[in-house]
1. Mind listing just one residue for me: the one in segment 400-459 that is in contact with an Asp or Glu (Cβ under 9 Å, 6 or more places away or on another chain), closer than 24 Å to Ala494 by Cβ and modelled with pLDDT under 85 and, of those, surrounded by the fewest Cβ atoms within 10 Å (Cβ to Cβ)?
2. Within segment 267-290, can you find the residues that are touching a Lys or Arg at 6+ places or on another chain (Cβ under 7 Å) and either open to solvent by 10 Å² or more (accessible area, probe 1.4 Å) or assigned by the TED database to the domain that holds Ala222 (or both)?
3. Limited to segment 307-358, what total is found for residues that are surrounded by 14 or more Cβ atoms within 10 Å (Cβ to Cβ) and acidic (Asp, Glu)?
4. Among the residues of segment 615-624, write down those that are part of a helix (DSSP H, G or I), touching a helix residue (DSSP H, G or I) at 6+ places or on another chain (Cβ under 7 Å) and either buried (at least 21 other Cβ atoms within 10 Å of the Cβ) or basic (Lys, Arg) (or both).
5. As an exercise: evaluate Glu328 against (1) among the acidic types (Asp, Glu); (2) part of a loop (DSSP other than H, G, I, E, B); (3) over 19 Å from Leu258 (Cα atoms) and give the number of the one condition it does not meet.
6. Report, by residue number, each residue of segment 605-629 that is charged (D, E, K, R) and modelled with pLDDT of 90 or more.
7. Which one of Lys599, Lys577 is open to solvent by 50 Å² or more (accessible area, probe 1.4 Å), modelled with pLDDT of 90 or more, more than 27 Å from Gln700 (Cα to Cα) and over 53 Å from the mean Cα position of the chain (by Cα)?
8. Does Val695 meet the test of being open to solvent by less than 10 Å² (accessible area, probe 1.4 Å), in the same structural domain as Gln576 (by the TED database) and either more than 20 Å from Gly602 (Cβ to Cβ) or part of a helix (DSSP H, G or I) (or both)?
Amino acid sequence: VAHCKGFFFCGQEPFVADEYIERLAWRTPGGGSRGGEAFDPKRLLEEFVNHIQELQVMDERIQRKVEKLEQQCQKEAKEFAKKVQELQKSNQVAFQHFQELDEHISYVATKVCHLGDQLEGVNTPRQRAVEAQKLMKYFNEFLDGELKSDVFTNSEKIKEAADIIQKLHLIAQELPFDSLMGFCCYPLSSPGKYHDLECQLIQEFTSAQRRGEISRMREVAAVLLHFKGYSHCVDVYIKQCQEGAFLRNDVFEDAAILCQRVNKQVGEIFSNPETVLAKLIQNIFEVKLQSYVKDQLEEHSKSDAEQYLKNLYDLYTRTTNLSSKLMEFNLGTDKQTFLSKLIKAIFISYLENYIEVEIGYLKSRSAMILQRYYDSKNHQKRSIGTGGIQDLKERLRQRTNLPLGPSIDTHGETFLSQDVVVNLLQETKQAFERCHRLSDPSDLPKNAFRIFSMLVEFLCTEHIDYALETGLAGIPSSDSKNANLYFLDVVHQANTIFHLFDKQFNDHLMPLISSSPKLSECLQKKKDIIEQMEVKLDMGIDRQVEIKTSSFKPHLCDMTLNCMIGQMKHILAAEQKKTDFKPEDENNVLIQYTNACVKVCGYVRKQVEKIRNSMDGKNVDTVLMELGVRFHRLIYEHLQQYSYSCMGGMLAICDVAEYRKCAKDFKIALVLQLFDTLHALCNLLVVAPDNLKQVCSGEQLANLDKNILHSFVQLRVDYRSARLARHFS
């Protein structure tokens with residue numbers, strides 16, 4: 001079976017011995033594979049033996065055939081190797097013949113080249129002689145004054161005529177005029193015929209350009225290249241290119257389209273296309289663009305500075321954009337310098353005094369915006385005194401009740417407007433953009449600083465600083481009744497405005513000065529403005545509450561907090577009655593807390609909300625902590641003014657509980673702790689005498705000074721009783 005694996009299923013399925021034996025047993029009678037037949041092992045063995053013998057015979061036959069084929073293959077291989085050797089010998093012979101032929105060809109080529117040189121040496125003088133003879137013939141015609149040759153009479157041969165006249169003209173120019181030959185050649189050296197032919201060629205070029213015949217234009221331009229009038233040919237081409245090219249209102253777009261069209265065409269006509277295209281661009285800039293810019297700017301140069309600056313910025317931007325498009329074309333080696341010079345030639349007279357116009361416009365425009373705002377408020381800006389005398393006056397007015405003059409009544413107006421600020425910042429933003437575009441790089445930081453100075457003057461000094469001064473002057477004294485506090489609104493709006501100012505400083509000014517010495521100068525100026533505002537906010541008062549905002553860090557006016565506390569004092573003085581804590585009928589008290597407590601808590605909650613709306617970050621906690629401490633001190637001192645019965649003490653505890661609930665709105669741990677302690681102290685007003693020591697030694701009161709505890713116990717109406725004094729001692 002192993003010997004017949006490769007013979008039975010060649011080209012079909014792979015040979016499987018088990019399947020082959022199974023099929024053989026199935027075909028053999030008695031093999032046991034057919035149903036109903038008895039299994040006959042002898043017969044199956046006999047069949048296997050016979051089949052094995054047949055396979056062996058077949059294997060021997062196939063083996064003999066294989067040996068025969070191998071012998072035949074070896075014989076053919078020997079014959080093929082012999083044939084290859086013969087071919088190699090033939091190839092070597094052919095290669096030798098090829099080398100001999102190559103050497104022979106080289107020898108012949110050398111002879112031919114030598115012969116060609118000899119022929120050229122003979123033919124060149126002959127050709128020169130022929131050309132000289134023709135020139136002499138044409139020269140005689142010029143001397144006779146009659147041009148009979150076809151080359152001069154046939155208009156289609158103008159190219160050949162031009163070549164002849166050019167050569168004769170050069171010869172005539174080399175001869176001295178005082179010689180006989182030179183005198184005779186004067187008609188050729190004079191500009192007459194030469195100029196006439198130039199004019200004919202240029203006219204032919206012009207006609208071909210109008211007909212759109214590029215090939216004819218190229219031929220004529222090639223002829224004129226050796227004439228003096230070649231530049232005139234280029235001028236004619238440039239002039240005709242622009243005919244009908246500037247029909248729309250957008251001269252810049254027309255110029256770009258024209259240059260793109262000529263750029264595709266000029267290389268097919270002229271041998272120096274980059275020079276011709278550069279000359280076209282120069283003509284467009286010096287004639288079309290310059291006159292257009294002049295018309296647009298001089299119309300508004302004296303009457304309307306705003307429109308003048310807008311037009312200057314727009315025209316310069318569009319010109320530089322056009323220059324960027326033209327950079328794609330081949331204009332020679334240094335096209336960047338070439339285009340820059342063209343732009344400078346157009347705008348130099350306008351850019352020299354640009355910054356003066358910009359500053360003048362910005363100054364007048366900013367002043368107008370501010371004046372229009374104050375006029376809308378029917379407000380006349382007043383000069384508010386500053387310096388040592390004013391500072392002293394404010395200190396005395398806040399710390400005493402001396403009549404040093406009333407505070408300014410602003411009627412709730414902060415004199416700060418976001419519309420005004422947006423307008424000022426928008427004008428300055430546009431000025432920065434124009435400055436960036438129109439300023440020379442060396443002058444850019446200096447010009448940007450001047451614009452920034454204008455912004456500082458009108459936004460920070462004339463608007464924010466004036467509003468802060470007015471707000472400070474408008475803060476009522478602490479003894480004023482029903483005083484309206486608008487200073488926090490001023491602080492809030494000033495802080496918001498300064499955020500916008502700081503954003504413009506970073507977004508628009510910093511990129512212009514970041515790499516120049518003006519950066520430190522601008523930062524210092526900004527710092528000075530912040531410090532100036534700090535001084536204004538803290539003028540004439542103690543600096544107890546320091547506020548740090550994200551924009552600047554002023555000290556909130558102590559007078560504002562004093563005024564708040566003063567209002568609370570007025571409420572307590574007006575609403576709190578002595579009978580509140582010593583009611584005539586102890587058994588008929590129906591209120592949970594006093595009217596004074598209700599009004600004070602309502603007022604405090606409004607002020608807390610106002611402070612939160614006016615400030616941000618840690619500033620809120622700083623101010624609220626100071627206000628909370630003063631609020632606690634006020635209530636503590638207020639409670640010390642009354643005597644308390646048992647029911648009055650309960651009412652005082654209820655009031656303090658309400659104050660404590662109000663203190664929770666502060667969200668300051670220290671303030672809440674102070675009111676918790678005050679609430680515990682108020683318990684001393686109602687606790688039974690026998691429990692006084694226990695209460696005083698409690699967690700909240702154990703660390704307090706005994707004099708404080710004693711002062712509260714003394715407020716009880718029954719303090720004089722021997723029993724209470726004995727227990728407390």
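1. Filtering first and then ranking leaves Gly412.
2. Glu268
3. Looking only at that region, the number is 1.
4. Across segment 615-624, the qualifying residues are Val623, Leu624.
5. (3)
6. Within segment 605-629, Arg605 is the sole residue that qualifies.
7. Lys599
8. no
The values are calculated or read from the model by the stated rules, or taken from the named source; none is laboratory data. Everything quoted here is computed from the prediction, not taken from an experiment. Cβ: placed from backbone, ideal geometry, glycine included. Neighbour counts: every protein chain shown. Note: accessible area is taken over every heavy atom of the protein model, side chains too, but ligands, DNA and RNA are not part of it. Shrake-Rupley method; radii C 1.70, N 1.55, O 1.52, S 1.80 Å.
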